[in-house]
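A.B. asks: Below is one structure. I have some questions about it.
Read-outs: derived from the displayed coordinates by stated rules, not from any lab. Nothing here was measured: the structure is a model prediction, and the numbers come from that model. Cβ placement follows ideal geometry from the backbone for every residue including glycine, while neighbour counts extend to all protein chains displayed.
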Amino acid sequence: MTLKARVNVPDHVSKCLELAILLEISAYPKPGNVHRTSDFQGTVYEHFLASAVALTPHFAGAADQGVKVFQRCVALSKVGVGGIIKEAVADINAWQHGGNTLLGSVILLIPMATATGLTLAKNSSLSVGSLRKNLKRVVEATTAQDAVNLYEAISLAQPGGLGKSPQLDVTDLKSRKEIMDRQVSLFDVFRISAPWDSISKEWVTNYHVTFDIGYPFFLQQLREIKDINKATVHTYLKILSEVPDTLIQRKAGTAKSKWVSNRAEQILEFGGLNTSKGTRRLQELDHKLHDADHKLNPGATADLTSAVLAVAILEGYRP
């Protein structure tokens, strides 16, 4: 993707990432999650739309920090990724009343915005390789203050399925003091939580699922079927089939998360939305996963799908 001269990089990045979230939340039928034809009790499609709008200035701010890093006005360790995430979550809460909507996406996309700002400040074009390289630099430069701010963001968002951690538990207020006393960076906190949380694992594996599984599959789907909704839903299923959703795992157990992944794999084998059989099985799974307690919603998979769409849009895709 090559930008025209004198483009406003922060504005460009914020539009790309907002569009990624809007396309992800609108994709249907996306089994087990809110989409344009299915809501949860208390959390509906419009809550996600409002949340996406609330995020735009924070994406722009994160991208601007990346530009300033390139200009040597700000050190990478002073970008304040954790603080931007916290402010973004507070704005999401102010713009809608549906509770936690996009915490995982925010955690994935704020560093991506900074990395893109850094990349585009240096080059007139963005390659996926350069974006990924700078993304690694951004997350590895995070600090203990970023970690504390992230903990406070989680407290604001009140996500379900947190569980308890034997180290630096996010629900224990003493953890924040320990993080500062020991100077544990946000990246190192995510090293601890990576075994049971896909979003944390993306940070510490240089966004493996996003770049190595989801992105190439999404591009393949676009080439073959030329339908953004189908390509998004199929990418969601692809990720879910290969990476059992850790939100389901924490809420309902490993066996249930693997069962959902197996069903996603079967739907793809049946052709997904390209066939009547695949479509029927997809609709059936969507119905089964919409349990009253939301224990079977693949929320982490939705966040990972947003990151895939973000990479594609930043690289130049337009619907």
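A.B. asks: Region 75-143: percent of C-alpha pairs farther apart than 20 Å?
C.D. replies: Working: 823 of 2346 pairs.
So the portion of pairs separated by more than 20 Å is 35 percent.
A.B. asks: How large is the convex hull of the C-alpha atoms of the chain per residue, in Å³? Could the numbers behind the result be given before it?
C.D. replies: Numbers: hull volume 36.1 nm³, N = 319.
It comes to 113 Å³ per residue, whole-number rounded.
A.B. asks: Sticking with this structure for a sec: Please tell me the relative contact order of region 9-315 in percent, rounded to the nearest whole number, where contacts are Cα pairs under 8 Å and at least six residues apart.
C.D. replies: On the way: 531 pairs, mean separation 71.9, N = 307.
Computed over region 9-315, the figure is 23 percent.
A.B. asks: With 21 Å as the cut-off, how large is the P(r) tail for region 172-244, expressed as percent of Cα-Cα pairs?
C.D. replies: Values: 1157 of 2628 pairs.
Of all Cα-Cα distances in region 172-244, 44 percent exceed 21 Å.
A.B. asks: Distance between Cα centroids, region 1-72 to region 204-229: provide it in whole Å.
C.D. replies: After rounding, the separation between the Cα centres reads 17 Å.
A.B. asks: Another question, if that's okay. Relative to the present Cα-Cα distance, how much length would full extension add between Thr275 and Ser155 at 0.36 nm per residue of separation? Provide the component values of the computation, followed by the final result.
C.D. replies: Numbers: separation 120, 0.36 × 120 = 43.20 nm, distance 4.30 nm.
So the chain would gain 38.9 nm between Thr275 and Ser155.
A.B. asks: Based on alpha-carbon atoms only, what is the radius of gyration of region 110-266 relative to the globular estimate 2.2 N^0.38 Å?
C.D. replies: Ratio of Rg to 2.2 N^0.38 Å for region 110-266: 1.18.
A.B. asks: Another question about this same structure. Can you bin region 1-127 into rounded, prolate or oblate? Criterion: square roots of the alpha carbon gyration tensor eigenvalues sorted a ≥ b ≥ c, rounded for a/c under 1.5, prolate for a/b above b/c, oblate for the rest.
C.D. replies: Details: a/c = 2.82, a/b = 1.77, b/c = 1.59.
Prolate, because a/c is 1.5 or more and a/b exceeds b/c.
A.B. asks: Working out 0.36 nm times the residue gap between Ser165 and Asp293, then minus their Cα-Cα distance, what length gain in nm do you get to one decimal? List each step's numbers first, then the result.
C.D. replies: On the way: separation 128, 0.36 × 128 = 46.08 nm, distance 2.23 nm.
Full extension of this stretch gives 43.9 nm more.
A.B. asks: Each label point is 7 Å from the Cα along the Cα-to-Cβ direction; what then is the distance between the points at Thr254 and Arg223, in nm?
C.D. replies: 3.7 nm
A.B. asks: If each of Arg318 and Glu46 carries a label point 7 Å out from its Cα toward its Cβ, how far apart are those two points in nm?
C.D. replies: Modelled inter-label distance: 3.1 nm.
A.B. asks: Oh, and also: For region 163-200 and region 116-159, compute the distance between their C-alpha centroids and round to whole Å.
C.D. replies: So the separation of the two Cα centres works out to 18 Å.
A.B. asks: Also, I was wondering about something else. Could you give the length gained by full extension between Asp11 and Lys174, i.e. 0.36 nm per residue of separation minus their alpha carbon distance, to one decimal place? Could the numbers behind the result be given before it?
C.D. replies: Details: separation 163, 0.36 × 163 = 58.68 nm, distance 3.84 nm.
Stretched fully, the Asp11-Lys174 segment lengthens by 54.8 nm.
A.B. asks: Which of the lysines could be linked to Lys258 by a straight reach, that is with a Cα gap under 19 Å, when you skip same-chain ones fewer than 8 residues away?
C.D. replies: Lys30, Lys201, Lys238, Lys288, Lys295
A.B. asks: With θ taken as phi - 60° and the coefficients 6.51, -1.76 and 1.60, list the Karplus ³J(HN,Hα) couplings across region 145-159 in order, rounded to whole Hz; mark glycine and proline as x.
C.D. replies: So the Karplus estimates, Gly and Pro as x, are 5, 4, 5, 4, 5, 5, 4, 5, 5, 5, 4, 5, 6, 6, x Hz.
A.B. asks: Further, regarding this structure: Using DSSP to call loops (not H, G, I, E or B), can you name the trypsin sites (Lys or Arg not before Pro) in region 164-204 whose Cβ has at most 15 other Cβ atoms within 10 angstrom?
C.D. replies: Details: sites: Lys164, Lys174, Arg176, Lys177, Arg182, Arg191, Lys201; in loops: Lys164.
Loop-located and lightly packed - Lys164.
A.B. asks: Given points 7 Å out from each Cα along the Cα-Cβ axis, report the Gln71 to Asn123 separation in nanometres with one decimal.
C.D. replies: Between Gln71 and Asn123, the simple spin-label model gives 2.2 nm.
A.B. asks: Using a Förster distance of 22 Å, how high is the FRET efficiency between His208 and Asp181, based on the Cβ-Cβ distance and rounded to 0.05?
C.D. replies: Values: r = 32 Å, r/R0 = 1.44.
The computed FRET efficiency comes out at 0.10.
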